[in-house]
1. Considering only segment 94-127, state which residues are modelled with pLDDT under 95, surrounded by fewer than 16 Cβ atoms within 10 Å (Cβ to Cβ) and over 23 Å from the mean Cα position of the chain (by Cα).
2. Which one of these is crowded, with 22+ Cβ neighbours inside 10 Å and modelled with pLDDT under 95: 293, 306, 280?
3. Give segment 386-427 a look and list any residue that's buried (at least 19 other Cβ atoms within 10 Å of the Cβ), assigned to a loop (DSSP other than H, G, I, E, B) and modelled with pLDDT under 95, or say none.
4. Across segment 293-350, what is the total count of residues that are part of a loop (DSSP other than H, G, I, E, B) and without any contact (Cβ under 8 Å) to a residue 60 or more places away in the chain?
5. Mind listing whichever residues of segment 153-174 are surrounded by 24 or more Cβ atoms within 10 Å (Cβ to Cβ) and under 23 Å from residue 110 (Cβ atoms)?
């Protein structure tokens, strides 16, 4: 599941107050120069990442080859930094300017990915090299994603957050539509290790675009404790945990997302084994199907804002999460018949993409709107710690189960776990939310 960014003039305790209502519609964000730089950076980076998301598991599964557990560990190692670094990263990022962190994160990930084709050309590529790259890029992604989500609310007015998140989801949908087909064809043409170069270059381009943002970003002031002294990193981390876990809306959203991520990571960690080894599907076919299925992401990006206005933010969150588990179950039903398997895979990717975007646009916008600027980094880091921290655990559990159970059965177990995720938000106050609070205040606890 995905998320987002921001800067202003002086650090404040709450997001900048919205200006007095003006007649007529608000200006489109397509005319917001700094937002467009963020949007283009995200689009380029997401496009390149689609290549690596196909190429690296393919390298491990087909070129090396590796056991189901070793393949599953790729995802676990890449996501482990969210368990290790997310909380301190959030506390630290509330003390520094975020834009330099975004630029450094992009450049660092590009350099790490370049090591794969270089090592492969030297004849020394191993699964351990892939693990090392995964851990480095995962660690930098922790910093980038927390800074990214914490940057947008300062770049935009609160009233523009849903539109801003929806447009960023639109770029994600475009990348997911074009990227997998392009990536599959590129891998077939030049080989998986060398296709990764495209992703590295996309990170360099993204960093360059972010460096062009002109809106000044002041350095946040250090917070003071009750005794007048500067708070410690530990105190800031604890405060962020209390903020999220003490808010029943954020707490239930975190529980729902974490459960869904745990189940789907169990399933998709071993998906390459099912697709490439057991069913014999080609990388070009899988890439094409993922690309076509990503039209669900596009549909979700187009309708997310309108859907929340029609049925309410809470019902949109509950309904979209309900779809995720059954969509994942379609993967476990893929037969040893390429055309039928492709149809089921398309339906799964389409439904999951649609549901994920509707869910994220609404719940992320709500989180950003109710959280003070000086708490954004810690809030986002705490949410990432909880909801993405389950990803490496799910990948590891999926790999271990697949060592003893049939791969298809293991995917089914993961889908069953994901199917229960919507219960968190269904039986909570979240289902009653109708609009994003315009005053930055969450409904009464």
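The values are calculated or read from the model by the stated rules, or taken from the named source; none is laboratory data. The model shown is predicted, which means the values in this text are computed figures rather than measured ones. Cβ coordinates were reconstructed from backbone atoms using ideal geometry, including for glycine residues, and neighbour counts include every protein chain displayed.
1. Within segment 94-127, 121, 122, 123, 124, 126 qualify.
2. 293
3. Result: 388, 389.
4. 4
5. Answer for segment 153-174, where residues must be surrounded by 24 or more Cβ atoms within 10 Å (Cβ to Cβ) and under 23 Å from residue 110 (Cβ atoms): 168, 172.
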